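Structure, as structure tokens:
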Amino acid sequence: MTEAGSATPPAPRPPGRLRRAWHSDFLWSFRRAPVAMVSFLVVAVLVLAALLAPLVAPHDPFDPATLNLMNGFTPPGEPNAFTGESFWLGTDDQGRDVFSTILYGMRISLFVGFSAVLLAMVLGVLLGLLAGYLGGWTETIIMRVADVQLTFPAILVAMLIFGIAKGITPPEYRDQMAIWVLILAIGLSDWVQFARVVRGATLVEKNKEYVQAARLVGRSPFAIMTRHILPNVLNPVLVIATISLALAIIAEATLSFLGVGAPPTKPSLGTLIRIGQEFMFSGEWWILFFPALTLLALALSINLLGDWLRDALNPRLR
Amino acid sequence: MLAYVIRRVAQSVLVLFVVGLVAFSMFRFVGDPVDNMLGQERTQADIERLRETLGLDQPFPVQYWRFLEQAAQGNFGLSYRQGRPVAEILMERLPATLELAFVSGLLALVGGIALGIFTAIRRRGLAANAIMTLSLVGVSLPTFLIGILLIYLFSVELGWLPSFGRGEVTGLGGWWTTGFLTQSGLKALILPAITLGLYQMTLIMRLVRTEMLEVLRTDYIRFARARGLRDRAINFHHALKNTLVPVITITGLQLGSIIAFAIITETVFQWPGVGLLFINAIQFVDIPVMAAYLMLISVMFVGINLIVDLLYFAIDPRLRVDRTAGRGT
């Protein structure tokens with residue numbers, strides 16, 4: 001799997017001595033955790049396959065020219081009764097290759113998941129830093145809002161944001177905007193975790209000597225927050241981000257499955273499962289089964305990776 | 001104590017006020033209800049007339065006041081899609097959701113506590129380990145996949161249980177409908193209840209197990225053993241009693257998420273409850289239904305949280321200072 005290893009971009013940071021040591025420690029604990037290695041392998045293969053979907057996929061499922069309705073409902077691995085063509089994981093009702101739709105669907109699932117977590121992370125870290133460092137009214141307002149939002153399950157908040165955004169966008173743009181609305185909805189429903197943890201860590205860090213020193217030197221509050229405190233509270237953020245990614249992918253799949261997410265013209269894994277569910281009763285199990293399996297593998301491996309990361313980044317557990 | 005109660009109640013009212021503002025803003029700024037209610041064939045006069053009937057020609061503060069007034073009385077106007085009073089539609093759908101939530105909650109509580117005790121007492125047993133591993137998989141499975149899996153197994157392959165709907169329902173006292181009294185109603189309830197309850201069950205099971213293991217390690221259990229009490233007496237009379245305080249709280253808080261997650265289960269099984277109504281409302285941008293659902297569920301959530309907080313305060317004096325640990329997803 002040297003291919004996957006080189007494809008994941010190495011962090012472009014100046015190789016300070018501390019960071020190098022941290023990295024080697026990190027890698028050491030990685031090599032000792034077979035579950036983490038397998039999970040990483042699964043995630044790497046899936047992400048790579050999704051990124052390279054146009055190259056890997058045997059068909060372009062969204063190009064009507066390559067579709068043949070006669071190929072519809074071909075079971076996996078068997079040649080079609082009319083055309084004699086055979087598909088690895090079978091075809092759906094419109095003759096689309098299930099393997100290809102999964103690859104393209106995973107692209108959308110991963111894109112929405114990554115973007116939503118990025119949004120939640122930036123927002124949460126920023127608000128958490130502000131609340132923790134400034135205190136006073138800023139803190140009260142931010143944390144009150146967080147508390148209110150935490151009263152409601154994230155998926156409900158995401159649904160509500162999706163519904164409101166859908167109402168605001170004009171009907172002719174709804175399908176195009178759906179993906180961005182999804183990112184916004186899931187991202188905004190998920191920032192609280194980041195804000196709470198970062199605030200907690202900031203409260204501890206801001207009384208340490210290096211922060212006092214930076215303040216004495218006359219650095220601006222913004223610089224102290226981003227340059228001094230932020231690097232020291234980043235470990236828990238990374239752990240939450242990994243677990244949030246699995247949650248975001250599941251949330252996206254759930255919303256799409258419920259019909260309030262990615263549209264059938266741009267199906268994500270959730271949309272594919274929604275489509276596949278219709279054919280469960282008539283015996284075309286593969287249209288449902290393979291997207292569901294992919295989603296499960298993706299979510300489970302990211303979760304396991306997050307579990308390992310939490311232990312690996314926790315100095316008390318070493 | 002009194003100051004705490006007052007502060008907590010004031011907080012709850014504030015939350016409801018904020019949610020009310022969100023709900024009203026939805027009415028005011030999202031979409032054009034007139035557009036949604038009238039079809040393609042419409043005249044300017046139709047639009048004006050409808051605008052007047054709906055009160056959309058009034059200024060913002062007037063509309064807000066009227067909204068608050070009406071919402072307090074449980075009146076959320078007409079559904080854009082069905083043209084009927086939202087309160088009526090909600091009331092019609094509520095029994096289905098509450099029955100489902102009740103059965104799932106009961107299942108989660110009974111199953112969770114029983115399995116939790118079992119896995120704690122037989123910690124090293126094969127069955128306990130198998131249950132723990134299974135529960136990990138259960139937590140990673142999205143709710144809707146569990147539902148689909150159950151439908152595939154028990155409806156498609158085995159044909160034992162219905163895959164959608166509520167079965168035959170009986171009317172009770174005017175507005176309540178129940179599926180408890182007919183065989184088909186009970187049968188239809190099984191799969192959705194398991195789907196909805198499974199996640200909470202694993203959660204409660206793990207909680208009970210951890211708490212049990214903690215308690216079983218304490219001195220007073222050791223003394224009880226030294227006194228020669230039987231295992232049954234120790235496990236159930238001494239240990240379990242002290243495990244239940246956090247379980248009650250978490251269960252209370254989870255009740256809210258059961259009602260929210262019912263949205264997913266209801267969609268999978270086409271269960272005619274308020275969750276399915278909400279999803280349909282989002283798809284058709286039916287703002288009054290969305291707003292009313294939001295208010296309804298907020299009142300439930302905030303009410304449950306308030307009661308649980310106050311109960312906690314009353315039950316366990318040790319934990320009066322800090323109770324952030326109970327918060328989870």
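The values are calculated or read from the model by the stated rules, or taken from the named source; none is laboratory data. Since this is a predicted model, take the numbers as computed values, not measurements. Glycine gets a Cβ as well: all are built from the backbone with ideal geometry, and neighbour counts include every protein chain shown.
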### Query
What are the pairs, 6+ residues apart or on separate chains, where a residue within the range A:85-96 that is within 18 Å of A:F62 (Cβ to Cβ) has its Cβ under 6 Å from a residue that is part of a strand (DSSP E or B) and modelled with pLDDT of 70 or more?
A:F87/A:D97; A:T91/A:D97
### Task
Determine the pairs where a residue that is among the charged types (D, E, K, R), located within the range A:133-149, has a partner that is part of a helix (DSSP H, G or I) and surrounded by fewer than 16 Cβ atoms within 10 Å (Cβ to Cβ) with Cβ atoms under 9 Å apart, the partner being 6 or more residues away or on another chain.
A:R144/B:L14
## Note on the structure
Note: among B:G179, B:G147, B:G159, just one is surrounded by 13 or more Cβ atoms within 10 Å (Cβ to Cβ) and either at pLDDT below 80 or in contact with a His (Cβ under 6 Å, 6 or more places away or on another chain) (or both), namely B:G179
### Message
Restricting to the range A:265-295, and then to whatever is in a loop (DSSP other than H, G, I, E, B) and buried (at least 23 other Cβ atoms within 10 Å of the Cβ), can you tell me which residue is nearest to the other protein chains (Cβ to nearest Cβ)?
### Response
A:S268
#### Entry: Elements of type helices (runs of 4 or more DSSP H) contained in the range A:1-59, each with 2 or more residues being at pLDDT 65 or above and among the basic types (K, R)
A:17-31
### Task
Go through B:I259, B:I194, B:I190, B:I248 for me and flag whichever is within 14 Å of another protein chain (Cβ to nearest Cβ), within 20 Å of the chain's Cα centre (by Cα) and on the phi < 0 side of the Ramachandran plot.
B:I259
### Query
For the range A:234-255, what are the residues that are closer than 14 Å to A:A178 by Cβ and more than 10 Å from chain B (Cβ to nearest Cβ)?
A:E252
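Residues that are acidic (D, E) and in contact (Cβ under 8 Å) with a residue 40 or more places away in the chain: find the helices (runs of 4 or more DSSP H) completely inside the range B:211-291 holding 1 or more of those.
By residue number, B:240-269.
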### Message
Being at the interface with chain A (Cβ under 9 Å from one of its Cβ atoms), among the β-branched types (V, I, T) and within 12 Å of the chain's Cα centre (by Cα) is the requirement here; does B:I287 meet it?
### Response
no
### Query
Would it be correct to say that B:R66 is in contact with a helix residue (DSSP H, G or I) (Cβ under 8 Å, 6 or more places away or on another chain) and at pLDDT below 85?
no
### Query
Which residues, taken from the range A:136-177, are within 20 Å of A:T271 (Cα to Cα), of a type in the set (A, V, I, L, M, F, W, C) and more than 12 Å from every other protein chain (Cβ to nearest Cβ)?
A:M177
### Query
Can B:V19 be described as within 27 Å of the chain's Cα centre (by Cα), over 21 Å from B:P272 (Cα atoms) and at pLDDT below 75?
no
### Query
Which members of the range B:122-163 meet the condition of being more than 11 Å from chain A (Cβ to nearest Cβ), touching a residue at least 24 places away in the same chain (Cβ under 8 Å) and not in a helix (DSSP H, G or I)?
B:R123, B:L161, B:P162
### Query
Which numbered condition trips up A:Q193, out of (1) surrounded by fewer than 24 Cβ atoms within 10 Å (Cβ to Cβ); (2) closer than 22 Å to A:I302 by Cα; (3) more than 11 Å from chain B (Cβ to nearest Cβ)?
(3)
### Message
Of all residues being surrounded by fewer than 18 Cβ atoms within 10 Å (Cβ to Cβ) and of a type in the set (F, W, Y) in the range A:121-179, which is farthest from A:V239 (Cα to Cα)? Just the residue, please.
### Response
A:Y173
### Task
Go through the residues of the range B:52-67 one by one and say whether even a single one is under 30 Å from A:F281 (Cα atoms) and surrounded by fewer than 16 Cβ atoms within 10 Å (Cβ to Cβ).
no
### Query
Of the residues that make up the range A:298-317, is at least one at pLDDT below 85, surrounded by fewer than 22 Cβ atoms within 10 Å (Cβ to Cβ) and not in a helix (DSSP H, G or I)?
yes
### Query
How about the range B:262-284: which of its residues are more than 7 Å from chain A (Cβ to nearest Cβ), surrounded by fewer than 24 Cβ atoms within 10 Å (Cβ to Cβ) and at pLDDT 85 or above?
B:Q270, B:P272, B:L276, B:N280
